[in-house]
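Enquirer: Starting off with a structure, shown below.
Each reported figure results from applying straightforward, stated rules to the coordinates on display, with no laboratory input. Quantities reported herein were computed from a predicted structural model and do not represent experimental measurements. Backbone-built Cβ (ideal geometry, glycine too); neighbour counts: all protein chains shown.
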Amino acid sequence: MSYRASPIRGQVHATSEIEIQIDMASLQERVALLTNILPPYLLPVMSELARKIGALRIFLSAPMERDRPWNPNWGELDVRLQKSVRLNVRQKYPQGFAARVELHLPYDTFTQLLRYRPEVVISAQLGFRTLQSVLYRSLFRRSRLVIWVDASEHTEKRVGRLLTILRRTLLRCADAVLVVGKSGRRYLRGLGVSSTRIVEVPYVADTRLFLASGLQRSAMETRRLLYVGQLIARKGILQFLQQLIAWSECHASQTCELWLVGDGPLRPQLEALHTPSNLQVKFFANVPYDHLPGLYAHAGICVLPTLADTWGLVVNEALAAGLPVIGSIYSQAVEELIEHGKNGWKYSPDSPGAAQRVLDQALNSTDSRLAAMRACAYESANHLTPQYAASCFLRAIAIALSKENGSWAVSDSYMAGQR
């Protein structure tokens, strides 16, 4: 199995010189994966991973979170629901907003692991389930622990000193660590995690659903803006719409349209905003995940104005559908996948006037320029497939097992490529 660097920000994907040697015949470990829920975009990743290892059992804290519009769908995966306490917590962020977060405290993780007896445990986040996974790892010394951390430097600014100490302690017990991007890697390096134990596994979409959109757009669709996501403060959509209104008022001769796909507590406030006659805002509420490609196919530019996102899967989806992205730098997907002026535009949502400047660049681009950017967008997300993400999980398992298992050898060139 071999991997190479992508032209977009040095991502690593299949078929090139940076190699990790894996004896696939010995990949028969029993793996337990512990996480909150299984969203639809992770189903193909986990299905691919299950085909590559001896056995995979997924332990979920809940069938689905209350603020998610998806129906639980686990396909043919071996999924077990844990006994868990749900807490609805209001978290304040130093970026100037607050968010309600659903926290899960699965209290039977240790007993579930005792029954299943996995050789490898992959535990999501740095909380109660991972604390129990560390206990299992310490009692069964031949087992291995991979911690999956969905975080970035920006999202973790709210974390205090005591929680940081706890995280350092948990991470010292991990044989390998998964992160979603380079900012997450930098965050973990700051907590003392060796670079050789870190593997990046970005969130991916089943791009086949979105590639079918094609690249052709009508004159009306070319500059139609599309937002897909929750209507909550963290997503920055209120500030973005206010900036779009200001831009439209300054460009009265130009018409503009924004489609908002999603729902949330900010919807009444967004609907109450006075919009000029040359700006149309259309609300779609929540739509089934498999209906999203049809909406992308009738839009020209995707917007992600987030104030704090660990990744931002809409960027993958938009690029696969041929949409350039107006994206906030506080999304790792924007940081790593968007090249300003080529397949989108980056901006800082907390910088005065920044949103209006990128709107000016995007909405005043010529038709031929936007067509070229759609083609570039289409090409830039092709490698982010479920197969690629599954291979990242396999690399993390390989690194964890390599510590005392001679059947696994992680090459120096691979380690160099991960630094």
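Enquirer: Alpha carbon centre of segment 297-350 versus segment 70-86: separation in Å?
Expert: 30
Enquirer: May I pose another question? Which order results if 240, 393, 97 are arranged by neighbouring Cβ count within 10 Å, fewest first?
Expert: Final ranking by Cβ density, sparse to dense: 97, 240, 393.
Enquirer: If the cut-off is a Cα-Cα distance under 19 Å, which aspartates and glutamates reach residue 92, setting aside same-chain residues fewer than 8 apart in sequence?
Expert: 67, 102, 150, 153, 156, 309, 350
Enquirer: Which percent, nearest 5, of DSSP beta bridges in the chain are antiparallel?
Expert: The antiparallel fraction comes to roughly 30 percent.
Enquirer: Putting +1 on Lys and Arg Cβ atoms and -1 on Asp and Glu Cβ atoms, find which of 194, 225, 247 reaches farthest to the positive end of the dipole of segment 189-273.
Expert: 194
Enquirer: Consider all pairwise Cα distances in the chain and report the whole-number % of them above 36 Å.
Expert: Within the chain, distances greater than 36 Å cover 26 percent of Cα pairs.
Enquirer: Using the crude model of +1 on Lys and Arg Cβ and -1 on Asp and Glu Cβ, and no other charge, please compute the dipole size for segment 123-225 relative to its Cα centre, in debye to 20.
Expert: About 340 debye.
Enquirer: Another question, then. Set Lys and Arg Cβ to +1 and Asp and Glu Cβ to -1, take the dipole of the chain about its Cα centre, and tell me which of 165, 72, 176 lies farthest positive.
Expert: 165
Enquirer: With a 10 Å Cβ neighbour count serving as the proxy for reagent exposure, in which order, fewest first, do 92, 342, 235, 182 appear?
Expert: In increasing order of surrounding Cβ atoms, one gets 92, 342, 182, 235.
Enquirer: Follow-up. Using the Cα centre of the chain as the reference point, and only Cβ charges (+1 on K/R, -1 on D/E), how large is the resulting charge dipole? Debye, rounded to the nearest 20.
Expert: Around 1380 debye, computed over the chain.
Enquirer: Dipole size in debye (nearest 20) for segment 277-358 around its Cα centre, Lys and Arg Cβ +1, Asp and Glu Cβ -1?
Expert: In debye, rounded to 20, segment 277-358 gives about 300.
Enquirer: Which order do the peptides 303-314, 68-79, 221-232 take when ranked by the mean count of other beta-carbon atoms within 10 Å per residue, highest first?
Expert: Ranking the peptides 303-314, 68-79, 221-232 by packing returns 303-314, 221-232, 68-79.
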